[in-house]
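Structure first, commentary second.
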Amino acid sequence: RAALPYSQEWMVNMVFQGVLDPLYVFKENFDGDFLDRTYGGSSGGNLYRAIDPDPPGDQPMGDLTYLGPASNPTAMANYRLVYDKRSNGEEADWSDIIELCRAFDPVQTPNVDFPARMRELIDPDEWARFFAVQACLSNADGGIWTNTGEDFLLYHVPADSPRLDAGKWILLPWDIGETFANTQERLFRPDVPSIRRFLTHPAFAPLY
């Protein structure tokens, strides 16, 4: 109802050795079929799932932090580690996600240039709505809407798409199993630096 893309889910009853367990759902996978259903003729773009490596610690996360240029072998290995490519994997090209991460970096993109750069790369209304919906759902799971770089996907709409968001990045929720879990959740929840920079910027805060 918020006009955001999502995976379809159905309640499932599972029977294990004659014992019924109703606490399961069948969830649509985020893959080429999902892109075809959601984007139709614009399903040829790059789809990434952001990952928080296990165990956590000093390892990078898929939280849109700029890790360095593609020419840096260590940075490139980390991008591959934390952004699982779900489409067009045979191209082995992470340059578009690196460009997005670079745009969120305060050193690479000063505040004076930040709003214009964001509007080039993302649909600010869709992004603000994504985080507002997660707040309304009180999604307490660790993810890009709370405090870690995981449990979300990014889709890069092809530049030649007839859609209004052609060439832009779209956010997708991966896991919404911990919704309505905390009645005391604060309304401005995201702690991830890149997301806080976006949501607190005067150009975008009113959208949220």
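The values are calculated or read from the model by the stated rules, or taken from the named source; none is laboratory data. Model, not experiment: these values are computed from the prediction. Neighbour counts are summed over all protein chains in view; Cβ atoms, including those assigned to glycine, are modelled from backbone coordinates with ideal geometry. Accessible surface is based on the protein model in full, side chains and every heavy atom, while ligands, DNA and RNA are left aside. Shrake-Rupley method; radii C 1.70, N 1.55, O 1.52, S 1.80 Å.
Identify all residues within segment 180-202 that are of a type outside the set (D, E, K, R) and open to solvent by 40 Å² or more (accessible area, probe 1.4 Å); write none if there are none.
Initial filter on segment 180-202 (of a type outside the set (D, E, K, R)): 180-184, 187-188, 190, 192-195, 198-202.
Matches in segment 180-202: PHE180, ALA181, ASN182, THR183, GLN184, LEU187, PHE188, PRO193, THR200, PRO202.
I'm trying to understand the selection: among the residues of segment 144-164, which are in a loop (DSSP other than H, G, I, E, B) and touching a Ser or Thr at 6+ places or on another chain (Cβ under 9 Å)?
Selection gives ILE144, GLY149, VAL157, PRO158, ASP160, SER161, PRO162, ARG163.
Do the conditions hold for GLY149, that is, is it open to solvent by less than 10 Å² (accessible area, probe 1.4 Å), within 22 Å of CYS101 (Cβ to Cβ) and without any contact (Cβ under 8 Å) to a residue 40 or more places away in the chain? Walk me through how you get there before you give the answer.
Working: open to solvent by less than 10 Å² (accessible area, probe 1.4 Å): yes; within 22 Å of CYS101 (Cβ to Cβ): yes; without any contact (Cβ under 8 Å) to a residue 40 or more places away in the chain: no.
For GLY149, the condition - open to solvent by less than 10 Å² (accessible area, probe 1.4 Å), within 22 Å of CYS101 (Cβ to Cβ) and without any contact (Cβ under 8 Å) to a residue 40 or more places away in the chain - is not met.
Of the conditions (1) in contact (Cβ under 8 Å) with a residue 60 or more places away in the chain; (2) more than 19 Å from the chain's Cα centre (by Cα), PHE131 fails just one. Which one is it?
(2)
Anything in segment 105-139 that is of a type in the set (A, V, I, L, M), surrounded by fewer than 16 Cβ atoms within 10 Å (Cβ to Cβ) and part of a loop (DSSP other than H, G, I, E, B)? List them, or say none. Quick ask: steps written out before the conclusion?
In the first step, residues of segment 105-139 are kept if they are of a type in the set (A, V, I, L, M); the result is 107, 112, 116, 118, 121-122, 128, 132-133, 135, 137.
Those left that are additionally surrounded by fewer than 16 Cβ atoms within 10 Å (Cβ to Cβ): 107, 112, 116.
Across segment 105-139, the qualifying residues are VAL107, VAL112.
Go through segment 1-17 and give me each residue that's open to solvent by 80 Å² or more (accessible area, probe 1.4 Å), of a type in the set (A, V, I, L, M, F, W, C) and over 25 Å from ARG129 (Cα atoms).
MET11, VAL15, PHE16
Here is a check on your reading of the model: is ALA77 out of contact with any strand residue (DSSP E or B) (no Cβ under 6 Å at 6 or more places or on another chain), open to solvent by 30 Å² or more (accessible area, probe 1.4 Å) and part of a loop (DSSP other than H, G, I, E, B)? Write out each step before concluding.
Numbers: out of contact with any strand residue (DSSP E or B) (no Cβ under 6 Å at 6 or more places or on another chain): yes; open to solvent by 30 Å² or more (accessible area, probe 1.4 Å): yes; part of a loop (DSSP other than H, G, I, E, B): no.
No, not satisfied.
Which of the residues spanning segment 18-33 are under 18 Å from GLY177 (Cβ atoms), open to solvent by less than 90 Å² (accessible area, probe 1.4 Å) and out of contact with any strand residue (DSSP E or B) (no Cβ under 6 Å at 6 or more places or on another chain)?
GLU28, ASN29
Would you check if LEU100 is surrounded by 18 or more Cβ atoms within 10 Å (Cβ to Cβ) and at positive phi? Full working, then the answer.
Numbers: surrounded by 18 or more Cβ atoms within 10 Å (Cβ to Cβ): yes; at positive phi: no.
When the stated conditions are applied, LEU100 does not pass them.
With respect to PRO162, is the statement that it is over 12 Å from the mean Cα position of the chain (by Cα) and farther than 24 Å from ARG1 by Cα true?
Numbers: over 12 Å from the mean Cα position of the chain (by Cα): yes; farther than 24 Å from ARG1 by Cα: no.
For PRO162, the condition - over 12 Å from the mean Cα position of the chain (by Cα) and farther than 24 Å from ARG1 by Cα - is not met.
List the residue pairs whose Cβ atoms are under 9 Å apart, where the first residue sits in segment 66-82 and is without any contact (Cβ under 8 Å) to a residue 60 or more places away in the chain, the second is open to solvent by 50 Å² or more (accessible area, probe 1.4 Å) and not in a loop (DSSP other than H, G, I, E, B), and the two are 6 or more positions apart or on different chains.
Every condition considered, the pairs that remain are TYR66/ARG102; LEU67/THR74; GLY68/THR74; PRO69/ARG102; ALA70/SER95.
Test ALA128 against the criterion of being touching a helix residue (DSSP H, G or I) at 6+ places or on another chain (Cβ under 9 Å) and over 26 Å from PRO5 (Cα atoms), and give yes or no.
No: the conditions fail for ALA128.
Considering segment 187-208 alone, what residues qualify as being assigned to a helix (DSSP H, G or I) and within 15 Å of the chain's Cα centre (by Cα)?
Hits for segment 187-208 are PRO193, SER194, ILE195, ARG196, PHE198, LEU199.
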